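The structure's right below; bear with me while I get my questions together.
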Amino acid sequence: MRYTPHKPWQTPADGEAWFLRMRGFRETGAGLQLAIVDKASGKAIGLMLVFNFNEGTGSGEVGYTLAREHWGKGLAKEALKPFIEFCFKELGLKRLDAQIDPRNVASGKVLERLGFKHEGHQRRNHFAKDEISDTGLYGLLVDDPRP
Ligand SMILES: CC(C)(COP(=O)(O)OP(=O)(O)OC[C@H]1O[C@@H](n2cnc3c(N)ncnc32)[C@H](O)[C@@H]1OP(=O)(O)O)[C@@H](O)C(=O)NCCC(=O)NCCS
């Protein structure tokens, strides 16, 4: 959770609050969260979501998290690749945004490997968890080349 805006969950109630929020997203159409499931064990090992839709531009923002023991195996890219196509083809989006803490090097690489362009760097514009940080802005257009 180091570079995410959220604090780590401390109790099951924190997790429940998150899932209620995500259910609300789905019910109102404000967003959609999917679980990333390990095929071998059937266990949920992470999540990815699309939210912050802008009807005018046809855009949405993506977010993603893997459980720590599954980092470093290319799994975020593997999961996000079809999710991105889903966002473009099934949801009809024309642009995906992603915002990261620039210190989150792995996250930036994941985005670039998926074809996202680094579109900007905002300085000291984000406050979370008692810290002010910068924001790296990334974007992927529906007609951008994707590896
Ligand atoms: C960010 C995250 C999703 C990356 O997923 P992942 O599946 O572990 O990523 P990968 O294994 O494909 O690694 C991505 C790239 O970053 C590199 N990398 C990983 N950790 C790194 C580090 N600490 N410093 C520099 N490079 C790093 C990898 O070598 C890989 O490079 P490559 O594309 O050249 O092979 C995962 O670390 C995570 O869930 N982090 C916690 C939550 C989070 O930060 N979410 C994103 C919020 S914006």
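The values are calculated or read from the model by the stated rules, or taken from the named source; none is laboratory data. All figures in this text were calculated on a predicted structure; none of them were measured in a lab. Ideal geometry is used to build each Cβ from the backbone, glycine not excepted, and the neighbour counts take in all protein chains shown. SASA here: full protein model, heavy atoms, side chains in, ligands and nucleic acids out. Shrake-Rupley method; radii C 1.70, N 1.55, O 1.52, S 1.80 Å.
Give 44, 98, 13, 40 a once-over and let me know the one that is of a type in the set (A, V, I, L, M, F, W, C) and in contact with an Asp or Glu (Cβ under 7 Å, 6 or more places away or on another chain).
Criteria check complete, one pass: 98.
Related question: Applying the selection to the range 76-100, what residues are open to solvent by 60 Å² or more (accessible area, probe 1.4 Å) and either near the ligand (Cβ under 8 Å from one of its atoms) or not aromatic (Phe, Trp, Tyr) (or both)?
Within the range 76-100, 77, 78, 81, 82, 89, 90, 91, 94, 99 meet the criteria.
Of all residues in the range 27-42, which are more than 19 Å from residue 82 (Cβ to Cβ) and surrounded by 11 or more Cβ atoms within 10 Å (Cβ to Cβ)?
Selection gives 30 alone.
Can you say whether residue 73 is at pLDDT 95 or above and open to solvent by 90 Å² or more (accessible area, probe 1.4 Å), as far as the supplied structure shows?
So residue 73 passes the test.
Tell me which residues, restricted to the range 113-134, are assigned to a strand (DSSP E or B) and either in contact (Cβ under 8 Å) with a residue 60 or more places away in the chain or open to solvent by less than 70 Å² (accessible area, probe 1.4 Å) (or both).
Answer for the range 113-134, where residues must be assigned to a strand (DSSP E or B) and either in contact (Cβ under 8 Å) with a residue 60 or more places away in the chain or open to solvent by less than 70 Å² (accessible area, probe 1.4 Å) (or both): 120, 126, 128, 131, 133, 134.
Quick check on residue 110: is it β-branched (Val, Ile, Thr), under 17 Å from the mean Cα position of the chain (by Cα), surrounded by fewer than 14 Cβ atoms within 10 Å (Cβ to Cβ) and within 9 Å of the ligand (Cβ to nearest atom)? Talk me through it step by step, then tell me what you get.
On the way: β-branched (Val, Ile, Thr): yes; under 17 Å from the mean Cα position of the chain (by Cα): yes; surrounded by fewer than 14 Cβ atoms within 10 Å (Cβ to Cβ): no; within 9 Å of the ligand (Cβ to nearest atom): yes.
Spelling it out, it is not the case that residue 110 is β-branched (Val, Ile, Thr), under 17 Å from the mean Cα position of the chain (by Cα), surrounded by fewer than 14 Cβ atoms within 10 Å (Cβ to Cβ) and within 9 Å of the ligand (Cβ to nearest atom).
Take the residues in the range 1-26 that are within 22 Å of residue 101 (Cβ to Cβ), among the aromatic types (Phe, Trp, Tyr) and without any contact (Cβ under 8 Å) to a residue 24 or more places away in the chain; name whichever of them is most open to solvent (accessible area, probe 1.4 Å).
9
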